[in-house]
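Since the structure comes first, as structure tokens, the remarks are kept for the end.
The values are calculated or read from the model by the stated rules, or taken from the named source; none is laboratory data. These numbers were taken from a predicted model, which means no experiment stands behind them. All Cβ positions, even for glycine, are placed from backbone atoms using ideal geometry, and neighbour counts span all protein chains on display.
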Amino acid sequence: MLLDYDRLGALRWLLGGISLAVALFLLLPILLIVALSFGSSQWLQFPPPGWTLRWYRELFADPGWLDAVLASLKVASIVTVLSVLLGLLAAFGLVRGRFRGREVLRALFLTPMVLPVVVLAVALYALFLRLHLNGTLAGFVIAHLVIALPFALLSIGNALERFDKAIEDAAVLCGASPWEARLRVTLPGIRLGLFAAAIFSFLASWDEVVLAIFMASPDLQTLPVRVWGALRQDLSPVIAAASALLVAFTAVLMLLAALFRRSKEP
Amino acid sequence: MVMARSDSTIPIPPRIRRPMAGFGLVLPGLGLLLLFFVLPVLALLLRSVLEPQPGLGNYAEFFGSTTYLKVFLNTFTVAGLVTAVTLALGFPVAWFLAIAPRRWSALLFGIVVLSMWTNLLARTYAWMVLLQRTGLINRTLINLGIISEPLALTNNLVGVTIGMTYIMLPFMILPLHAAIRTIDPAIFQAASLCGASRGQSLRRVFLPLVAPGIAAGALMVFVMSLGYFVTPSLLGGTANMMLAELIAQLVQSLLNWGLAGAAALVLLVVTLALYAVQIRWFGFGRTAG
Amino acid sequence: MKTLKMILAAGAASLCIGLGAAGAQAQSMVFTSWGGTTQDAQKAAWAEPFTAATGIKVQQDGPTDYGKFKAMVESGNVAWDVVDVEYDFAVKAAQDGLVEPLDFSVVKRDEIDPRFVTDHAVGSFYYSFVLGYNPDVLGDKAPKSWADLFDTTAFPGKRTFYKWSAPGVLEIALLADGVAPDKLYPLDLDRAFRKLDSIKGDIVWWGGGAQSQQLLASGEAALGMFWNGRLHALEQSGTKVGVSWDQNLTAADMLVVPKGAPNKDAAMKFLAQATSAKGQADLAAETAYAPVNVKSKDLMDAATVATLPDQHAAGQINLDMAYWAANRDAIAKRWYAWQTQ
């Protein structure tokens with residue numbers, strides 16, 4: 001009954017009410033950022049004294065912003081793919097495996113999340129200087145992969161643990177090879193975990209600023225580094241404009257995905 | 001693998017007793033971690049016992065200073081508080097998401113994911129603007145007559161909690177949502193058939209089933225909160241300075257890498273110890289039921 | 001076969017020589033600063049004329065990060081040639097052996113304000129800490145001295161100070177407590193912290209220029225200490241601000257060459273360009289920071305000159321960077337201890 005929406009009764013209002021409040025809570029800063037990006041005041045005042053498109057014009061006039069967005073996208077995409085892949089393999093190994101020291105390994109895989117990023121940044125930077133990886137795309141990807149992997153492992157590992165292995169075994173019984181069973185039965189079964197792993201890995205890289213400062217070079221600057229530099233010096237709603245654009249872009253993507261799914265339903 | 005293709009017997013895949021079964025799958029990720037995390041970080045942490053003189057001087061300084069210990073305690077307090085608030089708000093939302101009709105759940109899901117997409121600094125500045133004494137929230141409350149003096153919502157623990165809860169909520173909601181979705185609703189029918197009331201169902205069936213999901217989400221949020229410094233730096237007062245901010249100052253401003261390494265190592269050890277405790281309590285590898 | 005090999009070898013050799021010669025002409029160097037509009041201005045005022053004059057390309061990198069700085073110097077694999085750093089860091093870096101001594105046969109030392117040049121660093125630009133206030137919040141009350149900053153009865157409201165352990169705040173507290181400017185150093189830390197304690201509950205800290213502007217413009221802070229350039233930008237954008245230059249405290253950003261920089265010669269030439277009268281004048285016109293070259297004022301128009309800290313030299317106090325470099329760690333310890341109480 002607790003998982004049946006129609007039979008919840010009074011509980012439905014409680015859950016719905018809290019969800020509404022949280023939804024508004026989550027939306028509020030986004031709406032503010034969008035509003036500020038059209039405000040005519042350089043200082044973050046709400047309500048703004050006037051409306052303007054000036055910040056968007058500035059944004060498009062400066063190729064540096066577009067380069068930064070593309071650099072961020074490139075790094076984050078590669079990191080996401082690798083992180084989910086490595087996380088998937090490691091999750092299978094840690095959850096299904098039967099070797100000693102699984103707990104220790106699991107804790108080890110978590111440590112990049114615990115250690116303050118700046119310590120990792122300095123340590124990795126010193127290593128990369130020796131390997132001549134600093135300022136390269138490979139170096140950037142490796143650095144972000146290290147901090148994204150724990151997210152992927154946690155999400156996929158949890159999903160895998162909850163997944164009933166009997167279904168996979170049944171597929172093998174029906175004639176599938178073990179890997180075929182995993183690919184066609186288990187993976188769809190843990191798709192929520194895979195999705196979370198992908199999103200978290202992408203965002204871990206997309207929003208990351210400390211490692212990015214160390215890994216950056218004149219030719220390779222991600223968006224957070226640019227925003228960081230801009231915010232140190234001058235407050236400017238250009239950053240709000242950049243954020244608003246990305247939000248709009250993502251919202252459109254999500255809308256398209258939802259419509260696409262809707263059209264595929266019978 | 002034996003696959004007998006006789007239609008008189010059902011082939012059962014034999015249990016392969018390999019001592020290191022599955023280790024090979026872990027190897028790529030492990031290799032990456034060892035090469036590009038363990039080794040370089042250890043080299044840096046080694047400086048904590050080598051600089052400025054060999055010995056435990058940095059640790060003595062860390063534990064002997066009330067400042068560092070206070071900041072350390074602050075960090076865990078704030079992380080714990082944020083985790084608790086995020087759990088309290090995130091659990092109902094995840095529950096709702098898992099069972100609501102498609103239209104509402106898709107919209108809510110979209111909002112949750114969208115909130116993660118704005119740049120971290122932009123989000124934090126937005127909260128600064130909202131929470132200021134002359135900000136939107138205070139002005140609305142004053143206009144509505146609920147308060148007469150603006151509330152101090154920023155530059156203190158309240159501001160940090162609000163700011164960090166905002167960032168951490170999706171990290172709690174998504175795993176919890178996934179956990180709730182895997183529960184078979186039929187279980188509750190079975191429970192009520194056995195005579196369980198709503199409350200009993202909640203306590204003795206639902207919560208134990210989602211406990212691993214809660215543990216996973218809480219762990220992620222807690223651990224992430226320990227390492228955050230951007231948001232606390234902008235929204236918190238200096239009285240609640242977090243360890244990550246102090247370590248950043250030590251590394252990038254004071255260039256005292258020995259002491260920074262010592263502080264980082266202490267943080268690491270304490271956190272892993274807490275994680276070990278959590279494993280003992282909740283265990284892992286234990287599936288639902 | 002042997003002839004073919006010889007021909008190939010000769011061809012390869014001449015190719016290498018040719019490329020090498022071409023490479024020597026297409027030299028380049030890396031200039032690192034803090035990003036944002038200031039670095040854009042530095043690029044326009046210094047890098048572009050430099051490339052036009054010498055043919056040496058200047059790549060922009062950033063933001064300056066001292067951890068990165070130290071790591072690259074220690075490893076011997078230095079990626080930066082000229083770096084814009086804070087003054088007290090420049091002095092400390094020199095003490096720690098992290099920077100190259102400057103070549104003053106290339107950089108004209110006698111044209112530079114002696115306050116902003118050392119053997120290892122030369123001024124990038126200088127600025128002052130001044131008292132700023134929001135007239136909309138304070139009404140017709142106008143604070144004038146640092147003591148007013150600590151007077152919560154006459155000037156109620158939150159005040160904002162620079163958050164990090166750096167030159168400025170402690171000196172202001174001592175001056176407000178009545179210490180004579182020439183008796184400021186060595187800093188009486190106990191006295192300074194006692195004075196700050198008197199208004200601790202009313203302090204809102206700013207960690208960066210943008211944040212300080214936001215706090216004042218929104219009225220969240222009624223008054224405080226600011227970089228003069230930030231207040232100037234506020235005025236230019238149409239926000240009303242009040243400024244008091246009494247006992248303003250000078251500080252500077254400095255340009256240094258990391259030890260082991262790969263393009264030292266180019267770096268020195270760049271420094272000569274950056275600290276030239278014209279280079280400094282152009283930067284000042286763009287940013288409202290002050291030039292370190294004493295001849296720059298002749299190249300600037302009167303309106304800009306009027307906004308410079310030089311106009312308020314009476315009562316101006318220079319922060320002692322050597323003292324700060326020597327006592328950085330000790331002061332930082334007390335600073336954080338006091339802040340987290």
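Worth a mention:
- When every residue of region A:45-53 is checked against the conditions, at least one turns out to be closer than 16 Å to A:ILE239 by Cα, within 11 Å of chain B (Cβ to nearest Cβ), touching a strand residue (DSSP E or B) at 6+ places or on another chain (Cβ under 8 Å) and free of Cβ contacts under 8 Å to residues at least 12 places away in the same chain.
- Which listed residue is assigned to a helix (DSSP H, G or I), touching a residue at least 12 places away in the same chain (Cβ under 8 Å) and at the interface with chain A (Cβ under 7 Å from one of its Cβ atoms), from B:VAL112, B:VAL160, B:VAL129: B:VAL112
- When region A:69-121 is limited to residues that are touching a Ser or Thr at 6+ places or on another chain (Cβ under 8 Å) and more than 11 Å from chain B (Cβ to nearest Cβ), the one that is nearest to B:THR118 (Cα to Cα) turns out to be A:ALA76.
- In region C:201-213, residue modelled with the lowest pLDDT [restricted to those that are in contact with a Leu (Cβ under 7 Å, 6 or more places away or on another chain) and more than 18 Å from B:THR238 (Cβ to Cβ)]: C:ALA210
- Here C:ASP88 clears all of (1) assigned to a helix (DSSP H, G or I); (2) closer than 28 Å to A:LEU131 by Cβ except the condition numbered (2).
- Considering region C:229-276, the residues that are polar (S, T, N, Q) and surrounded by fewer than 19 Cβ atoms within 10 Å (Cβ to Cβ) include one that is modelled with the highest pLDDT, namely C:GLN236.
- Residues (outside any loop (DSSP other than H, G, I, E, B) and surrounded by 15 or more Cβ atoms within 10 Å (Cβ to Cβ)) located in region B:94-109: B:ALA94, B:TRP95, B:PHE96, B:LEU97, B:ALA98, B:ILE99, B:TRP104, B:SER105, B:ALA106, B:LEU108, B:PHE109
- Some residue of region C:271-291 being within 19 Å of C:ALA313 (Cβ to Cβ) and out of contact with any helix residue (DSSP H, G or I) (no Cβ under 6 Å at 6 or more places or on another chain): yes
- Matching helices (runs of 4 or more DSSP H) fully within region C:193-279 where at least 1 residues are among the basic types (Lys, Arg): C:228-236, C:264-274
- Counting only residues that are in a helix (DSSP H, G or I) and either among the hydroxyl-bearing types (Ser, Thr, Tyr) or surrounded by fewer than 24 Cβ atoms within 10 Å (Cβ to Cβ) (or both), region C:113-133 holds 2 of them.
- Scope region B:168-204; condition farther than 22 Å from A:SER19 by Cβ, touching a residue at least 12 places away in the same chain (Cβ under 8 Å) and either in contact with an Asp or Glu (Cβ under 9 Å, 6 or more places away or on another chain) or crowded, with 20+ Cβ neighbours inside 10 Å (or both); matching residues: B:ALA191
- Counted residues, region C:313-332 - those being surrounded by fewer than 18 Cβ atoms within 10 Å (Cβ to Cβ), assigned to a helix (DSSP H, G or I) and of a type outside the set (Gly, Ala, Ser): 3
- Where helices (runs of 4 or more DSSP H) fall entirely within region A:60-166, those with at least 3 residues that are in contact with a Phe, Trp or Tyr (Cβ under 6 Å, 6 or more places away or on another chain) and touching a residue at least 60 places away in the same chain (Cβ under 8 Å) are at A:63-96, A:137-162.
Residues checked against (1) surrounded by fewer than 21 Cβ atoms within 10 Å (Cβ to Cβ); (2) facing chain C (nearest Cβ under 10 Å):
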site: A:ASP219; (1), (2): yes, yes
site: A:PRO224; (1), (2): no, no
site: A:LEU231; (1), (2): no, yes
site: A:ALA241; (1), (2): no, no
site: A:LEU245; (1), (2): yes, no
site: A:PHE249; (1), (2): yes, no
site: A:MET254; (1), (2): yes, no
